[in-house]
Amino acid sequence: MMLPAPGFEGFEKRLEVEFSPASAACSPRGLRNMPRAKIDELLTLAECTIVSQLSNELFDSYVLSESSLFIHPFKLVIKTCGTTALLKAVPTLLKHAAELDLKEHRVKYTRGTFNFPAVQPYPHGSFAQEIEFLEQHFGHLGAGGKAYVLGAPDQFPNWHVYEAASSGNQAGAEPTFTLEMCMQKLDSTKAAQFFKAAGFADAKAMTVASGIDTILPGSEIDAFDFEPCGYSMNGIENRAFSTIHITPEDAFSYASFEASGYAPQEQSPHEMVQKVLGVFNPGRFSLALSADGKVGAAGAGAWGVSPAFAGYVCDGTIRQEMAFGAALVFHTFKAVGSAPAEVEVCVPEPLFADREVEKLYALAAKKRAAFAKEKLQKLHGGSGDLWEALAPLGDEVATAVASFKPTLASVGSPRDVDKYAQNFIKQNGQEAPFMMFDLGMVARLYDAWTTTMPRVEPFYAVKCNGDPALLAVLAALGANFDCASLAEMQAVAAAGVGPERIIYANPCKLESHLRHAVSTGVKLTVFDAEDELYKIKKVHPGAELLLRIRADDVGAQCPLGSKYGAEFDECEPLLRVAKRLGLSCVGVSFHVGSGAASAQSFVEAIKAAKLVFEMAEGLGMPKMKVLDIGGGLSVGGKLTFSAAGAAINKALEKFFPEEEGVKVIAEPGRYFAEAPATLAALVFGRRLRGLRHAHTKANEYYINDGVYGSMNCLLYDHATISARPLRVSGGLRLLDEKMYRSTVFGPTCDGLDQVLTDVWLPKLEVGDWLLFPNMGAYTLAAGTSFNGFATSDIKTHYLWSEGDRLPFGEEEPGSDSDSHFGDAAMDSSDTGSDGGEFQSEGEAAKEESDETASLSGSDDDAYY
Ligand SMILES: *Cc1c(COP(=O)(O)O)cnc(C)c1O
């Protein structure tokens, strides 16, 4: 590499331009059709050349004499260092793109602060000059370009960003995540590996010896070594790329790392950074994380998880919103002493905020609280018989459930649920929708929990489903409880649960509810804000507190991080306040989001919690002793329970080894409540449009529960639901019955009240029923009585299934045979059978065990 005085500029200039087809004639290969001669022409203008090339089906990567170039069909990314004149290539690039029928629609230019600005050529003489040049070529996009300098004036480096984008339709575009590190003052032994004199045969050997090949082990690497020193590489992996450039000379040593196109759940950014730091040991570095494109609900907090790195202190952090929902976070770090005790943490603002989700959640929580109270009052009204089938659980349960009157049937498989429903409907001329809750399955889920994660004590989150029988059964099994309000604490107490088994896990509590906690002896609670500490000091000074930290799973069904959880940099100040007030801070809690998608989110969160434990110790506070890993788990979701359990156990062993005596608890809601419940709803109206116009229209059915009732989970819980038909009114149905595209509406007059869209169902009669499985979480708890259809009128029938059947595919093949019916109300001479299994696409996994039961059964397949 050329070394102009006074030193070589390591900091790259990076330009990213996105294009769209200007006409239908444009080739899908887009920019990739640009002939090599034209690419060379561009690079000559920028003052660099290609030294190596690598491609896959999706894009081309070039290592340049000064950094890298990536050409995708509709996007070009070029990075050049030193005194190159990158922007000079812009006019010609736009001209060549136009020849390929491409039109630019977005541009982003970024760079760090130059070490040697005086030697930069035009138009890189200053940021102002660069902006002026960029505006000439991209100022016509949208409302014109925007430029930012991120970082305090005394901070080095600052991050310079220019972007412009046309206001064209970006919706649906997947966000692209990019991580860029600029490292200085490299460890001299590490840097020495990138001199030819170090004796490595070639760039490939340098890649392996330095450990660069372990950073993204799945990528194909194209590496190049320079004379007499210096190293560049591009890595490509599917749609993602990475690149490293090293200037190892001691006086101005520099290395950069970039990874772009990886989804955060595929590659933990934190882990990537840690590996890169391991390769270079820089004295200081900057980290820019950005997400371009529509991040939406899925992005909340995505990359905000614990950017704390052992041996470094973060001395600056800033977040900038960009056009179209994109965002960028920029941090600078410097090395501190190498003793592990000096780990310092700094977690900045999360990368994304999602106000929409936050709004929905506030609304849903309000409704849930009001409804739970109403429902509990209703159910406690009756005086009931002893619940015989609960006898195996002991007297405690029987006593606890004696205060209300359940209907109980004993069933053995999902088909028995169908049979039970069919009999009940026939014998009672049933019209109203009803819920069937399998408490036997709850017991087996509890068993599965304690076997999978023996160290983790479950505190069932009552808000998920406050059904008193569910609470009673869980209490009898030995579960503890997470309550968020006064009514929930009362409901749990009514199930015979003492205060020591309750965590009041609402980070932001009403004073009157907190007084109730004091008077009933509930001590364990959580906080995430300074004002909450003053409230607790005033009302409940003897409380035992967990600091709730933010730790989001980007893919969770319902993210919670925008509402609750202290950011990492807030933790230390909060702990100091708690200490000053003499409050007892006994541990840390988090909730990665309900319906978590990745086990890694738990691992990251447990790691972050460990740092807070250390932080408290560093402040001279008594050793913390409780870790609360929150809720989020489900059965039948993307993330399997056994995979999550294994990852959690491993992380606990690593960060909270058993011998240290930290008590680990969790707050599962969905895990216990979702799968055991099946809802039955009546088809009371139809329009058979799909019979005549199968290609354009769907059959339409109207059922007596909908999104204002138990199916509010479609709105508030971001749920997907499925249904199987249940024939009660007669008519022969064969398994190969013709299926039609169908839409199912709820009973209210609102057009929003639509339950299933475009699913495949056989032709249904008015008077047939639909059964909806997995309806126990965040359903009855939040319905309304809108339009006169009261959710609180939906009665729950308690079933008790025997055998080994679990909702996550561990079903005993012969489980059908051990079904038995203990309930006198069941007419066992009835020849009715189940109604077959149909479901919307996407629910296949959730319903797998049901499906297997239906299709492999030896029972009659034709009936009625
Ligand atoms: C809602 C909630 C839970 C339960 O979450 P699931 O995803 O249903 O397991 C647990 N803890 C707290 C603090 C909650 O708000």
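The values are calculated or read from the model by the stated rules, or taken from the named source; none is laboratory data. Everything numeric here is computed off the predicted structure, so don't read it as measured data. Don't worry about glycine lacking a Cβ; one is built from the backbone with ideal geometry, like all the others, and counts go over all protein chains shown. Accessible surface areas use protein heavy atoms only, side chains included; no ligands, DNA or RNA. Shrake-Rupley method; radii C 1.70, N 1.55, O 1.52, S 1.80 Å.
With respect to L524, is the statement that it is away from the ligand (no atom under 11 Å from the Cβ), crowded, with 24+ Cβ neighbours inside 10 Å and modelled with pLDDT of 95 or more true? Steps first, answer last, please.
On the way: away from the ligand (no atom under 11 Å from the Cβ): yes; crowded, with 24+ Cβ neighbours inside 10 Å: yes; modelled with pLDDT of 95 or more: yes.
Answer is yes for this residue.
Check segment 437-451 and report whether any residue there is within 16 Å of the ligand (Cβ to nearest atom), modelled with pLDDT of 85 or more and open to solvent by 10 Å² or more (accessible area, probe 1.4 Å).
Yes, some residue in segment 437-451 is within 16 Å of the ligand (Cβ to nearest atom), modelled with pLDDT of 85 or more and open to solvent by 10 Å² or more (accessible area, probe 1.4 Å).
So that you can scan it fast, the table gives a plain yes or no per residue for (1) closer than 25 Å to C48 by Cα; (2) assigned to a loop (DSSP other than H, G, I, E, B); (3) more than 37 Å from the chain's Cα centre (by Cα); (4) not assigned by TED's automatic domain parsing to the domain that holds Y312:
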| position | (1), (2), (3), (4) |
| --- | --- |
| P91 | yes, no, yes, no |
| L94 | yes, no, yes, no |
| H105 | no, no, no, no |
| N115 | yes, yes, yes, no |
| H160 | yes, no, no, no |
| S167 | no, yes, no, no |
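Among the listed residues A432, A421, which satisfies the condition of being under 27 Å from M711 (Cβ atoms), assigned to a loop (DSSP other than H, G, I, E, B) and more than 14 Å from the ligand (Cβ to nearest atom)?
Result: A432 is the single residue among A432, A421 that is under 27 Å from M711 (Cβ atoms), assigned to a loop (DSSP other than H, G, I, E, B) and more than 14 Å from the ligand (Cβ to nearest atom).
Check whether at least one residue in segment 44-52 is in contact with a strand residue (DSSP E or B) (Cβ under 7 Å, 6 or more places away or on another chain) and open to solvent by 40 Å² or more (accessible area, probe 1.4 Å), and report yes or no. Working first, answer last.
At the first step, the residues of segment 44-52 found to be in contact with a strand residue (DSSP E or B) (Cβ under 7 Å, 6 or more places away or on another chain) are 46, 48-52.
The next check asks that each one be open to solvent by 40 Å² or more (accessible area, probe 1.4 Å); those that pass are 49, 51.
Yes, the conditions are met somewhere in segment 44-52.
Suppose we filter segment 472-488 for residues that are under 22 Å from E544 (Cβ atoms) and either within 15 Å of the ligand (Cβ to nearest atom) or touching a strand residue (DSSP E or B) at 6+ places or on another chain (Cβ under 6 Å) (or both); how many remain? Steps first, please.
Within segment 472-488, the first condition is being under 22 Å from E544 (Cβ atoms), and the residues that meet it are 475, 478-486, 488.
Add one more test, that the residue is either within 15 Å of the ligand (Cβ to nearest atom) or touching a strand residue (DSSP E or B) at 6+ places or on another chain (Cβ under 6 Å) (or both), and what stays is 479-485, 488.
Residues flagged as under 22 Å from E544 (Cβ atoms) and either within 15 Å of the ligand (Cβ to nearest atom) or touching a strand residue (DSSP E or B) at 6+ places or on another chain (Cβ under 6 Å) (or both) within segment 472-488 amount to 8.
If I filter segment 443-473 down to residues being outside any helix (DSSP H, G or I) and small (G, A, S), which single residue comes out as farthest from S710 (Cα to Cα)? Write out each step before concluding.
We begin by selecting, within segment 443-473, every residue outside any helix (DSSP H, G or I); these are 453-461, 465-467.
From what's left, small (G, A, S): 461, 466.
Numbers: A461: 18, G466: 13 Å.
Result: A461.
Here's the yes/no breakdown for (1) part of a helix (DSSP H, G or I); (2) under 25 Å from V462 (Cα atoms):
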site	(1), (2)
E614	yes, no
G620	no, no
K623	no, no
S634	no, yes
S642	yes, yes
N649	yes, yes
A675	no, yes
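Looking at A461, A505, A491, A469 in this structure, which one is open to solvent by less than 40 Å² (accessible area, probe 1.4 Å), over 29 Å from F602 (Cα atoms), within 16 Å of the ligand (Cβ to nearest atom) and touching a residue at least 60 places away in the same chain (Cβ under 8 Å)?
Details: A461 fails: over 29 Å from F602 (Cα atoms); A505 fails: over 29 Å from F602 (Cα atoms); A469 fails: within 16 Å of the ligand (Cβ to nearest atom).
Matching residue, one of A461, A505, A491, A469: A491.
Of everything in segment 106-148, what is of a type in the set (S, T, N, Q) and within 19 Å of T84 (Cβ to Cβ)? Give them in sequence order. Walk me through how you get there before you give the answer.
So the first thing to find is which residues in segment 106-148 are of a type in the set (S, T, N, Q), and the list is 110, 113, 115, 120, 126, 129, 136.
Across segment 106-148, the qualifying residues are T110, T113, N115, Q120, S126, Q129.
Of everything in segment 647-702, what is open to solvent by less than 10 Å² (accessible area, probe 1.4 Å) and without any contact (Cβ under 8 Å) to a residue 60 or more places away in the chain? Give them in sequence order.
Of everything in segment 647-702, those that are open to solvent by less than 10 Å² (accessible area, probe 1.4 Å) and without any contact (Cβ under 8 Å) to a residue 60 or more places away in the chain turn out to be A651, F656, G690.
Determine, yes or no, whether C571 is open to solvent by less than 40 Å² (accessible area, probe 1.4 Å), within 12 Å of the ligand (Cβ to nearest atom) and under 23 Å from the mean Cα position of the chain (by Cα). Explain how you work it out, then say what you get.
Working: open to solvent by less than 40 Å² (accessible area, probe 1.4 Å): yes; within 12 Å of the ligand (Cβ to nearest atom): no; under 23 Å from the mean Cα position of the chain (by Cα): yes.
Judged against the criteria, C571 is not a match.
Tell me which residues, restricted to segment 57-77, are under 20 Å from E163 (Cβ atoms) and either in contact with a Pro (Cβ under 9 Å, 6 or more places away or on another chain) or open to solvent by 10 Å² or more (accessible area, probe 1.4 Å) (or both).
Passing the criteria: H72, F74, K75.
Name the residues in segment 559-568 that are crowded, with 24+ Cβ neighbours inside 10 Å and either within 13 Å of the ligand (Cβ to nearest atom) or basic (K, R) (or both), would you?
P559, L560, G561, G565
Would you point out the residue of segment 774-786, among those that are in a loop (DSSP other than H, G, I, E, B) and open to solvent by 10 Å² or more (accessible area, probe 1.4 Å), that is farthest from the ligand (Cβ to nearest atom)? So that I can check it myself, show each step before the final result.
Here is the first cut: in segment 774-786, the ones in a loop (DSSP other than H, G, I, E, B) are 774-779, 783-785.
Narrowing the set further to residues that are open to solvent by 10 Å² or more (accessible area, probe 1.4 Å) leaves 774, 778, 784-785.
On the way: N774: 13, Y778: 7, T784: 20, S785: 24 Å.
Going through the qualifying residues, I end up with S785.
When you scan segment 630-644, do you find a residue that is more than 16 Å from the ligand (Cβ to nearest atom), among the hydroxyl-bearing types (S, T, Y) and open to solvent by 10 Å² or more (accessible area, probe 1.4 Å), even just one?
yes
Given the residues A616, A578, which is the only one that is more than 28 Å from V273 (Cβ to Cβ), more than 16 Å from the ligand (Cβ to nearest atom) and surrounded by 18 or more Cβ atoms within 10 Å (Cβ to Cβ)?
Every option except A578 fails the conditions.
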